[in-house]
Each structure stands twice: as C-alpha cells, then as structure tokens.
Amino acid sequence: MNQALGRPAVVSRVSDLIGATPLFELGRAATGSRLLLKLEMFNPTGSAKIRMARQMILDAEARGDLRPGGRIVESTSGNTGLGLAVIAAERGYAFTAVVDHHAASDKLRAMQALGTELVYVADDGSGDLATAAREELAAELARGRANTFFTEQHNNPSNGIGYFPVAHELHQALDGKIDVLVGAVGTGGGLCGTARALRTLVPGCTTVGVEPKGSIAFGGPAHDYYQSGTGTPEGAEIGALVDFDLIDAGVKVGDVEAFATARAVARATGLLIGGSAGGVVHEALDRLPALAPGSTIVALVNDGGEKYLDTVFNDDWMHARALVDRALERETDETLIKLRRR
C-alpha cells in the first residue's frame, strides 16, 4: 500500500484511484485550534466530483437504467463532466455533456480529450452561467432514447451517497476529532452527503455551508457570480440534495474574497486551490480564531487551481471583472503567515 494515500500500489482502472485523499494543515491559531484542508484535487480529474460520478453510474447499472453500450447525459460546469467522462471511458459508455461557456476552458478540453461529446446550451460565446437551460436541454436529449441515462446530479440521491466515504476517511484520519466541517454548497451532494455520514460518526460536529454571494440557496439577493461549479443561480431550482437540516450555518462569500484567498494560499503554501474552494477556506479562516481551544476545523477543497490559471490566477482576467482587491490579498497573506508560524 501507498502509506501516504492509502491506495493500492498498482491499479488497473483510473476509478480505483478515487478517495483516500490527504489532509493538509493550513495553520494553527494562538489557541491551538487548527485548520485542515481535505485535498480532493488528489482524486483522478483533480476533483471531488468523480466520487459521485462513479456512484451515480454504479447505481444506475444496478437498477438496470444503464446497460452495456449505453449513453450517459449530464448538465455540467466541468468537474462532474470530467468524472463522468472517466467512468464512461473505462466502462464503455458514450457520454454527452451539456455545457455553457461559463465553464473553464481547460475542463471542456479535458472532457473532449476523454471522448466526451460537448453540446453547448448557447453558441453565442457568452460567459453567462446557464444552469437552468442546461438542465432542460440535458433532459430533452435523454428523454425517450433507449439505453440513455440522464444522471441529473442535482436531484440524484447517489450524488450524496458517493461522498459517504469522505466522512469515513476524515473520521479514521483524525480519530474522530472533528469539530467543524466547512464546504461549498452547489448540488448539495458533497457537503450534505459527507455531513450525513459524519453525523453518525461524530455527532457533535458542526456543518457550515458556503455559497457565492448571488446564489440563492441561503436567500437573496440573486446576481451573477464567477465562482464555478457551486451555488444556485437565479432561475435554477435548489437541488434536492441540499438538506438544510444537515447544515448548521449557511453563509455567503463573494467572488473577491474567495479569489483573494485562493491566490493568497498559493503564495503562502505553493498549493493551488480552486476559486470556490477559496470561498470555503475564507470562511474557515474567519471562524478559526473564535473556536474553542484545541479545536479542529476541516475545509473541503473540492478541486485544485490548475483549472483556473486563465481566470482566478490571471491578473488580466481578474482586473477586467473588477475582482482584484490587493488590500484583502495582503491581509490574507498576513493571516496565513501568522497561522503557519505557530
């Protein structure tokens, strides 16, 4: 076994590399409380979402909804599509991803490299997020077609089940010492699936959900945002997997704060995290000083920053959208320096 990751030394399928992702200590407060990052970018495709992509397909096969030679259809902003592309390739399925131009171009090119058919909900080249329109088109493409399965990630219970292992990994790695779990809320599967399983293992753990400002799961007002693969934009339905009974606190973090944090983490640690992960870490950093001494807060980092080199880590792109706040970046730099000296 690979002692660092707990994975087999030799595998025969890419999906065998899913899970057993590492924890990274970002820093410690003066009280001894520590902030750990669950680095889901160490999954194949560099994202947590391959966990639920595999689960959705395995469960569809078990029900007979998907048979050999079939086709998978999904609406995706990128990471779910990448996960499904891997599973489709290794299990012999065709895959159609319904996308918009809001997705990072690297994700779209990677899906194509894995044999995915991309269908754009609009070909006008705009960068607008079109979640509702994508969902409608994906459903239409799958409707009435033999051996074609619309995974419908926002409302598929298998999405949440796919994240149960995250809770068990955390519990095992930390001997049950987890006081706060912070994660992004998009479909709800990642945070709520993890929280559901974690509550049986660590009943006292507090769960904090983070969505972008402009998203509507925790209320309005609604407006556009640039964080990718997270939140519920205006016009889209809140996913059935967003279980508010499992979320003790729901907060909003703006694009400026999320991206400033991602950029600061890169400079302080050499670790590239995604834009929405920046929002999760921003919230975790805010909460860390107020925790009881010796507490452990875990932030779910759902993907890495390599997919955002043309956006979050591109000064020209950031300036063009008025997303740069140098003072906030410096403040976050200083916070991280202090935390990492202890």
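The values are calculated or read from the model by the stated rules, or taken from the named source; none is laboratory data. Note that the coordinates shown come from a computational prediction; the quantities given were computed from them, not determined experimentally. Cβ: placed from backbone, ideal geometry, glycine included. Neighbour counts: every protein chain shown. Keep in mind that these areas ignore ligands, DNA and RNA; they rest on the heavy atoms of the full protein, side chains included. Shrake-Rupley method; radii C 1.70, N 1.55, O 1.52, S 1.80 Å.
Result for the chain in a Gaussian network model with C-alpha springs under 10 Å: among Ala97, Ala290, Ala167, the largest mean-square fluctuation is at Ala290. Relative to the Cα centre, the charge distribution of region 209-342, modelled as +1 at Lys and Arg Cβ and -1 at Asp and Glu Cβ, gives a dipole magnitude of about 680 debye.
With distances taken between every two different alpha-carbon atoms, region 210-341 has a Kirkwood hydrodynamic radius of 15.5 Å. Restricting attention to the chain, the count of lysine pairs at 8 or more positions apart or across chains with alpha carbons under 20 Å apart stands at 7. For region 3-121, DSSP calls about 35 percent of its internal beta bridges antiparallel. When the alpha carbon gyration tensor of region 127-263 is reduced to an equivalent ellipsoid, its three semi-axes come out at 27, 21, 12 angstrom, largest first. Helix 275-287 and the long axis of the chain differ in direction by around 30°, with both axes built from C-alpha atoms. In region 215-257, the convex hull through the Cα atoms has an average projected area of 3.4 nm², a quarter of its surface area. Eigenvalues of the alpha-carbon gyration tensor of the chain, scaled by 5 and square-rooted, set the equivalent ellipsoid semi-axes at 31, 24, 18 angstrom, largest first. Of the solvent-accessible surface of the chain, computed with a 1.4 Å probe and all protein chains present, 50% belongs to carbon and sulfur.
In terms of the mean number of neighbouring beta-carbon atoms within 10 Å, the peptides 156-164, 103-111 order highest first as 156-164, 103-111.
Of the three principal axes defined by the Cα atoms of region 110-192, the extents in descending order read 49, 33, 26 Å. Across region 1-72, the volume of the C-alpha convex hull divided among the residues equals 120 Å³ per residue. What the chain shows is 41 Å² of accessible area per residue, with the surface traced by a 1.4 Å probe over protein heavy atoms. Using only side-chain charges placed at the Cβ, +1 for Lys and Arg and -1 for Asp and Glu, the dipole size of region 63-179 relative to its Cα centre rounds to 500 debye.
With all projection directions averaged, the alpha carbon convex hull of region 1-127 covers 10.7 nm².
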